[in-house]
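The structure appears below as structure tokens.
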Amino acid sequence: MKLLEERIVQDGRVLSEGVLKVDQFLNHQIDPALMQAMGEDFANYFEQKGITKVITIEASGIAPAVFTGLSLDVPVVVAKKNVGITMTDELAAADVYSFTKQQNYTISVSKSVLSKNDTVLIIDDFLANGQAALGLMSICQQLGAAVAGIGIVIEKSFQTGRSLLEEQGADIYSLARIRSLENRQVEFVEENLS
Ligand code: G4P
Ligand code: NA
Ligand code: NA
């Protein structure tokens, strides 16, 4: 998505160890017009898939997910992080390992908002190692919901996430695909040349 790539070049900052800081429009301050355009783009790509729910994980996935749900005219489920384990019979849960934080966290979704009648689109802000999306796929599977695809705002294509999720048979659509963050420079995957 041209608009997003331009915004990344303009406002993104490459931090050490392959991390892109996008606090000006996605992770801290949010640009609603950009989020809306992204939601429309995701909806265009996935509109023939019979999606009944969009799902994401709190917090940074919520903005793009809500605009996608608005465009598809379906509800948006927000998986919660680290809720109490006392109500496990009401929840489907999955453990997610964060390479960035080097620790596990648990994501949970209530059985009251997702069921075998649902066809789900997973949305997230970043795809790095794919563990968050894998956790969401596990929750959908536990609840009998079908996963129609995965929409990612910024994919770091030099990390392992895409191939891991493709091994699971997922249809992944990323709005920006970053080939490299070396030398503090953002280089995008050249879609036209491949
Ligand atoms: P994975 O799910 O793909 O395996 O990624 P990982 O565990 O490594 O990511 C941990 C957190 O860091 C996630 O946010 C993820 O979105 C974010 N992240 C990963 N790479 C980058 C990056 O290059 N830049 C930025 N800005 N974030 C990155 P989170 O902890 O779940 O927090 P939240 O922002 O959703 O609340
Ligand atoms: Na996220
Ligand atoms: Na994040």
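Assorted remarks:
- Test for residue 151: is it assigned to a strand (DSSP E or B), in contact with a Ser or Thr (Cβ under 8 Å, 6 or more places away or on another chain) and among the small types (Gly, Ala, Ser): yes
- All positions within segment 113-130 that are outside any strand (DSSP E or B) and either under 24 Å from residue 49 (Cβ atoms) or among the small types (Gly, Ala, Ser) (or both): 113, 114, 115, 116, 117, 118, 128, 130
- Residue 133 meets the conditions (1) aliphatic (A, V, I, L, M); (2) closer than 27 Å to residue 13 by Cβ; (3) buried (at least 21 other Cβ atoms within 10 Å of the Cβ); (4) in contact (Cβ under 8 Å) with a residue 40 or more places away in the chain in every case but one. The failed one is (4).
- Options 14, 9: the member that is assigned to a strand (DSSP E or B), of a type outside the set (Phe, Trp, Tyr) and surrounded by fewer than 20 Cβ atoms within 10 Å (Cβ to Cβ): 14
- The one condition in (1) within 16 Å of ligand 3 (Cβ to nearest atom); (2) within 20 Å of residue 151 (Cβ to Cβ); (3) in contact (Cβ under 8 Å) with a residue 24 or more places away in the chain that residue 58 fails to fulfil: (3)
- Selection within segment 136-173 - closer than 21 Å to residue 108 by Cβ and touching a residue at least 60 places away in the same chain (Cβ under 8 Å): 136, 139, 140, 145
- Evaluation of residue 29 against the conditions (1) surrounded by fewer than 13 Cβ atoms within 10 Å (Cβ to Cβ); (2) of a type outside the set (Gly, Ala, Ser); (3) closer than 17 Å to residue 175 by Cα shows that the sole unmet condition is (3).
- Counting the residues of segment 131-148 that are assigned to a helix (DSSP H, G or I) and of a type in the set (A, V, I, L, M, F, W, C) gives 7.
- The number of residues in segment 72-112 being β-branched (Val, Ile, Thr) and either assigned to a helix (DSSP H, G or I) or loosely packed, with under 15 Cβ neighbours inside 10 Å (or both) comes to 4.
- Scanning segment 113-130 for residues that are among the polar types (S, T, N, Q) and more than 23 Å from residue 178 (Cα to Cα), we see that the one that is surrounded by the fewest Cβ atoms within 10 Å (Cβ to Cβ) is 117.
- Residue ID - modelled with the highest pLDDT, chosen from residues in segment 164-194 that are within 20 Å of residue 42 (Cα to Cα) and exposed (fewer than 11 other Cβ atoms within 10 Å of the Cβ): 169
The values are calculated or read from the model by the stated rules, or taken from the named source; none is laboratory data. Quantities reported herein were computed from a predicted structural model and do not represent experimental measurements. Counting neighbours? That spans all protein chains shown, and the Cβs are built from the backbone with ideal geometry, glycine included.
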